[in-house]
Amino acid sequence: MKTSIVSTAYFTFRDYESGLAKLKAHGYDATDYQGLVKMDSELYSLSNEEIRVFLTRVRASADKHGVDIKQVHGLWPTVGDDKTAEDRQKTREYFVRQIEYAHYLGAKYLVVHPVMPIRDGKDDSEETFLENERMLRSLIPHAEKWDVTVCIENMPFINREISKVSVLKRLVRLINHPKIKICLDTGHANIFHDDLGEDVRLLGDDLAVIHVHDNHGRNDAHLLPYFGTTEWESFLTALGEVGFKGYFNLETRIPEKMPEPCREEMRLSLSRLASYMADKASSNLKA
């Protein structure tokens, strides 16, 4: 199984050339591109044509360094916290643009967070479920056009039903389209104290992308694996059992405040840890 890490662990908007080179030198095969996440990022100050040109250059640089941009993270937070239909429409418009942008990066997967409208201070679970069904169905024509699979991600909010892996599984099975899949975030699932192996088995073929990080079951800390309370053996075993075909993607990084050269040594150690975990998952693949 190939290894990947979020782009923000190695580069920001403009320094992608050197960042991609170092990412590859440290042993990763791919990156999860994070440059589309924030509405206030420099990217969105550009025209659509300028964005296409820029992302095409990023892809060319990745190709040059032998790095696969396999997946892209979509907008977060969503517009206006999803409070109104107008907010949700604007969020949808971002998702539509990002599907196209993923294509220019050469990515096959766009990860999106569910819309989570709050009505009168309460989570209207069934209506929220329907809002997400409508949102995902509306993205299918664009996903087909650009050959990008949209992956909805489980969330860390314990008071929101749409956060749960089981609810997303029900949602994706209802839609039942090959361009709509699921991203399993291990840190988010650990806040629910899930058995990650059972989550992986439940998702089965609907699991296309993973975000791997750790926490202590209380908040979304994005710790390195084995620095929190996640039970990793079950997860790695299950990835092999279901024949997971995606990349082993870390959504964590070495803190900027870590002094050099310790930080560089820890970066290398993290890459070795990713390879160890990916190899262990691969060793569990059924013949």
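You can think of it this way: the chain between Ser138 and Asp205 has 21.9 nm of extra reach, that is 0.36 nm per residue less the Cα-Cα gap.
Beyond a 22 Å Cα-Cα separation, which of these cross-linked pairs lie in this structure: Lys64/Lys280; Lys2/Lys22; Lys181/Lys245; Lys2/Lys257; Lys90/Lys169; Lys38/Lys245? Mind dumping the intermediate values first?
Numbers: Lys64/Lys280 29 Å; Lys2/Lys22 17 Å; Lys181/Lys245 13 Å; Lys2/Lys257 29 Å; Lys90/Lys169 25 Å; Lys38/Lys245 29 Å.
Checking Cα-Cα distances, Lys64/Lys280; Lys2/Lys257; Lys90/Lys169; Lys38/Lys245 exceed 22 Å.
Per-residue ellipticity at 222 nm, computed for the chain from helices alone with -39500 (n - 2.57) per DSSP H run of at least four residues, works out to -14500 deg cm²/dmol. Taking the centroid of alpha carbons for each part, segment 165-215 and segment 50-88 are 21 Å apart. Computed from label points 7 Å out along Cα-Cβ, the spacing between Met39 and Glu17 is 3.3 nm.
Find out how many positive minus negative residues lie around Val79, taking Lys and Arg as positive, Asp and Glu as negative, among other residues whose Cβ is under 13 Å from that of Val79.
Value of the local net charge: 0.
In segment 196-266, how does Rg compare with the Kirkwood Rh, expressed as the Rg/Rh ratio over alpha carbon atoms? Working shown, then result.
Working: Rg = 14.1 Å, Rh = 13.5 Å.
Ratio value, two decimals: 1.05.
Treating only the Cβ of Lys, Arg, Asp and Glu as charged (+1, +1, -1, -1), what charge dipole size does the chain show about its Cα centre? Round to the nearest 20 debye.
On the way: 38 positive and 45 negative charges, 136 e Å.
With only Lys, Arg, Asp and Glu charged at Cβ, the dipole is about 660 debye.
Model label points for Glu86 and Ser269, set 7 angstrom from Cα along the Cα-to-Cβ axis, are 5.1 nm apart. Among the trypsin sites (Lys or Arg not before Pro) in segment 75-121, those placed in a DSSP loop whose Cβ has at most 15 other Cβ atoms within 10 Å are Lys83.
The slack in the chain from Glu93 to Leu46, taken as 0.36 nm per residue of separation less the alpha-carbon distance, amounts to 15.3 nm. Only Cα sites of segment 1-137 enter the Debye sum here, all with the same form factor; the resulting log10 I(q)/I(0) across q = 0.09, 0.11, 0.18, 0.21 1/Å is -0.31, -0.45, -0.96, -1.17, listed in q order.
Find how much the distance from Thr229 to Asn159 grows on full extension, using 0.36 nm per residue of separation minus their present alpha carbon separation; answer in nm with one decimal. Could the numbers behind the result be given before it?
On the way: separation 70, 0.36 × 70 = 25.20 nm, distance 2.10 nm.
Full extension of this stretch gives 23.1 nm more.
Take the Kirkwood radius over Cα pairs of the chain, plug it into Stokes-Einstein at 10 °C and 1.306 mPa s, and you get 83 µm²/s for translational diffusion. Where both bridge residues fall in the chain, DSSP classifies roughly 10% of the beta bridges as antiparallel. Value of Rg to Rh for segment 103-226, rounded to two decimals, is 0.97; Kirkwood radius and Rg both from alpha-carbon coordinates.
No value in this document is a laboratory result; all are computed from the given coordinates. Computed from a predicted model, the values in this text were never measured in an experiment. No Cβ is skipped: glycine too gets one built from the backbone with ideal geometry, and neighbour counts run over all protein chains shown.
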